[in-house]
Amino acid sequence: MSTHFEQFDDATLVAYIRAGQREAFSPLLARHLPSVLRLCRRLLGTGYEVQDIAQVAALATFIGLPSLTKPERFGAWLHAIAANLARMALRQRRLMSLEALLRSENATLLWPAPVPTP
């Protein structure tokens, strides 16, 4: 990581990255990654998805830097992307209802049927 970039604000680092100095992305991301991880953890709970979503958000911001209209708002933009990705992951995680599971061809009942009582 190039330490001389750490002294610059977000907008300046974005300008360096856009000018072809990709090594400026590392300190920019390091500045915001702890809070992005906290946001993902708050939305998703603990687990592997937290790191995955944060990594995908970082990649999306790097790829999308040319379209960022307000470079000084990089941190907010990164957090918004991470939050949207986490919400999408939550939607994919939704549990099926018990009735839907029982209608499924692949469902296996793991508890015995109740014994009739007198």
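Here are the numbers:
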item	result
Distance between modelled label sites at residue 22 and residue 60, nm, 7 Å Cα→Cβ extension	2.1 nm
Accessible-area order (highest first, 1.4 angstrom probe) of the listed residues 32, 4	4, 32
Gain on full stretching of the segment that runs from residue 91 to residue 11 - 0.36 nm per residue minus C-alpha separation	25.5 nm
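The values are calculated or read from the model by the stated rules, or taken from the named source; none is laboratory data. Worth saying up front: this structure is predicted, and the values here are computed from it rather than measured. Every residue, glycine as well, gets a Cβ built from its backbone with ideal geometry; the counts of neighbours run over all protein chains shown. Note: accessible area is taken over every heavy atom of the protein model, side chains too, but ligands, DNA and RNA are not part of it. Shrake-Rupley method; radii C 1.70, N 1.55, O 1.52, S 1.80 Å.
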